[in-house]
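Beneath this line is the structure, given in structure tokens, with notes to follow.
Nothing in this text is a laboratory measurement; each read-out follows from the coordinates by a stated rule. Predicted model, so just to flag it, every value in this text is computed and none were measured. Counting neighbours? That spans all protein chains shown, and the Cβs are built from the backbone with ideal geometry, glycine included.
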Amino acid sequence: MIMKTMRATQKKRIFTFLYLIQCVVINLLANNMYLVETQNTVMVFSGKIDGKFLLQYFGSKPGDVLQIEKSGIGLKTEAYPTFGIECTEEKALQATHIDGNLSTDLYLKSVDFTTLENNVTLTKVSLYDNKYPFFVTLYYKAYIKEDVIETWSEISHKEKGNVILTKYASFFMPISTYNPWTTHFHGAWAGEFDIIEEKLERGMKTIKNHEGVRNTLTDNPSVIISFNGQATEEEGELIAGTLAWTGNYKISMDVSQKNRVNLKAGINEEESQLILKKNEVFKTPEFIFTYSDQGKGKASRNIHKWARNYGVMGGDKARMILLNSWEGVKVNITEAKMLSMIDDISALGGELFVMDDGWFGNKYPRMNDKTSLGDWVVDSAKLPNGLQPLVKRATEKGIKFGIWLEPEMMNIKSELFEKHPEWVIQQPNREIGLGRQMTMDLSNPKVQDYIYHVINNLLIENPEIAYIKWDANHHINNVGSEWLPANEQSSLYIEYHKGLQKIFQRIRESHPDLVMQACASGGGRVSYGYLKYFQEFWLSDNTDALRKLYMQWGASHFFPALTMASHVSVSPNLLTGRVIPLKFRVDLSMTGRLGIEMQPKDLNSEEWTFVKKAIENYKTIRPVVQFGDLYRLVSPYDKSDIASLMYVSEKQDHAVLYAFNLSDYLTYRIPALKLKGLDPKKSYKIIEINAETSESTNPLNNKVFKGEFLMDAGIQIVMKKAFQSVIFELIEIQ
Ligand code: DGJ
């Protein structure tokens, strides 16, 4: 009943908000001004029909926006600047028209404003060139409650031939400010999502990818620009944005004039000159951004909320606790091992078992990573009775079954390559690239069809399969397509991803409830381009809990906990050799989507009991972790010897606090840890979970505090030994 009333009040508020927007819009129209508004922010544009369409302002709502004109603060920059007439700065678009003219000059045709649903508005801005039949439509989708705007453009023409696009950004915004800083996320295989924070000096800072397949294995297509010095978690004015694309991207921050940063984001056009045919509409990927004047924490929470409500497949559904076979058995799969892993994860209280790489290939069994990709048939030596005994056992044990696939790839040693060598990305007149594996030409509809049917058939034959881990462990080399005509070879990088997305769409149409994980050599596909179709991503092949803490910290700036698979693996870690206590490894994985990535048989009985209890605890805190608001309290990047974060439920009646000791031995007393996001007036009882002993001996256990005290004064965390950690649940008591 209370929920219902709350929802009704919220609905009413949004209706009133939308009504007010309509009124304001009518008023502004008279002044040739247009607003794209969310609850706390506004983008202000101006332009007369047949005149230039200008961006004037983006930031917090300044009251009467009509005062922008007389204040002189208006940016007065074209919302989508084009190359050719005025050429001194970075541009969003560059086109070569059929007569060879390099210039495009856009004018406003119309602005249409629609309310799509309660909380979402769409502003469509139609622009045209005054000398060529060339058109650009800009879209701004505003998510009111979340304070997030999503933007993209559509480019088309009616010229008598092909227009060549050499620049076609999704987003362009000048930021006029002193002392701009950027936060971005660099990485490499096994070391993804490293936070880099740097001052934007004059010149161009570019974050990009051109490897074709794993577009986030190095840098992530997400940036924060803080306007006046480094932003903290709670302070600082900034814009945070991320590109929802699955392929090569480029984000540039060009400090071309003193105190002005041109932020531009889109597909990386360096390798992808685009041939646009008459009447063809090219849609750029979406750029999703938010503004915060309360630091990075608020920006992350805005993006997380948007993600759960709109940006992620099944963003409102709790994620299952799983066991993945990879680190436990690698490719050495047998029926007996799989059955015992199914039994074990079920006995531990888990909800899903995922059989990773190694189960397929009959003529060429998958004994290592150089064979079998493409042959998606069960290896009858390893699994003589097929998948059925496994899915049956999972069902009997009350858990779901999942399977690993790497659908875009082919090994030379495969039946598929013997049949279809032309399906591999390759160039005529050059040797085929004989690496570990080859990437298939997804621009070819026959290849798309093949991949779709492999997956669809597998799911039809085994309707119990509830989860697919979709891997991709290679890039594009020997760039060339047997399918695309000679004059369209430069479109391959883009056509590959259009093909890939067509496959995703078809799978989603036929299997909407299937859970899919995006994986690519670890964290090669951590982007909203994938999360439209996938429920979660694999962050890294490096499962060392210490390294993972840093990577998850970085990823948490843009991606909510429910999308972040975080698995407990063995110690010493298989990759780094680091020894980390089980509790620390489990506690850390409980900050994301909890999973296990080891042979449960390797747990001794004490460890087994601990993991079992932790899984039970995770089920209790899961709604808060997966759907609550994240507060990053102490960053490991600040070299403070500890890291701490918390999640708070929307109603502020339940929270989970984590602290991790990163020092060898803490010789000093940890400063009071001040909590965030609680209701100052509410009382919270602290309960330690995952305690080292069966009954918690922590002095804070069972103590009750007012939210106000916890946030203003804080609590004393006691951790001394290397890799000690603690989790507290905070429960509201009346
Ligand atoms: C790379 C992935 O990141 C791993 O988790 C694992 O699935 C292997 N591929 C299997 O080949």
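Within the chain, the whole DSSP H helices whose Cα atoms reach 24 Å or more along their own axis and whose mean Kyte-Doolittle score is at least 0.5 are 2-29. The modelled label-to-label distance for the pair Asp449/Asp369, using points 7 Å beyond Cα in the direction of Cβ, is 3.3 nm. For Glu708 and Glu201, the difference between the fully extended length at 0.36 nm per residue and the C-alpha to C-alpha distance is 178.4 nm. Each Lys or Arg adds one and each Asp or Glu takes one away; over the other residues whose Cβ falls under 9 Å from the Cβ of Ser325, this sums to -2. Alpha carbon centre of segment 453-473 versus segment 346-368: separation in Å? Segment 453-473 and segment 346-368 have Cα centres spaced 12 Å from each other.
Zone of Asn309 (label point 7 Å along Cα→Cβ, backbone N under 18 Å): which residues in segment 208-247? Hits in segment 208-247 for Asn309 at 18 Å: 240-242.
Using only the Cα atoms of segment 623-679, build the gyration tensor, take square roots of its eigenvalues as a ≥ b ≥ c, and label the shape rounded, prolate or oblate: rounded if a/c is under 1.5, else prolate if a/b is larger than b/c, else oblate. Judged from the Cα gyration tensor, segment 623-679 comes out prolate (a/c at least 1.5, a/b above b/c). Give the shape of the chain as rounded, prolate or oblate, defined through the alpha-carbon gyration tensor: a ≥ b ≥ c are the square roots of its eigenvalues, a/c under 1.5 means rounded, and otherwise the shape is prolate if a/b is larger than b/c and oblate if not. In terms of gyration-tensor shape, oblate. Our note on the geometry: Cα centres of segment 482-529 and segment 263-297, 17 Å apart. Take every DSSP beta bridge whose two residues both sit in the chain; close to 80 percent of them are antiparallel.
The charge dipole of the chain, taken about the Cα centre with unit charges on the Cβ atoms of Lys, Arg (+1) and Asp, Glu (-1), comes to about 1280 debye, rounded to the nearest 20.
Label positions at Glu650 and Gln273, each projected 7 Å from the Cα along the C-beta direction, are separated by 5.1 nm. Rounded to the nearest 500, what is the 222 nm mean residue ellipticity of the chain from helices alone, with -39500 (n - 2.57) per DSSP H run of 4+ residues and division by all residues? Taken over the chain, the calculation gives -7000 deg cm²/dmol. For segment 634-669 versus segment 194-225, the spacing of their alpha-carbon centroids is 27 Å. What shape does segment 107-181 take by its C-alpha gyration tensor, where a ≥ b ≥ c are the square roots of the eigenvalues and a/c under 1.5 counts as rounded, a/b above b/c as prolate, and the rest as oblate? Since a/c reaches 1.5 but b/c is at least a/b, the shape of segment 107-181 is classed as oblate.
With a threshold of 31 Å on the Cα-Cα distance, the over-threshold entries among Lys109/Lys305; Lys469/Lys639; Lys400/Lys706; Lys400/Lys720; Lys250/Lys469; Lys109/Lys250 are Lys109/Lys305; Lys469/Lys639; Lys400/Lys706; Lys400/Lys720.
One quarter of the convex hull surface built on the alpha carbon atoms of segment 654-734 amounts to 5.3 nm², the projected area averaged over directions. FRET efficiency for the Asn462 to Arg436 pair, using the beta carbon distance and R₀ = 22 Å, is estimated at 0.20.
Once both labels are positioned 7 Å from their Cα atoms along Cα-to-Cβ, the gap between Thr88 and Asp50 label points is 3.0 nm.
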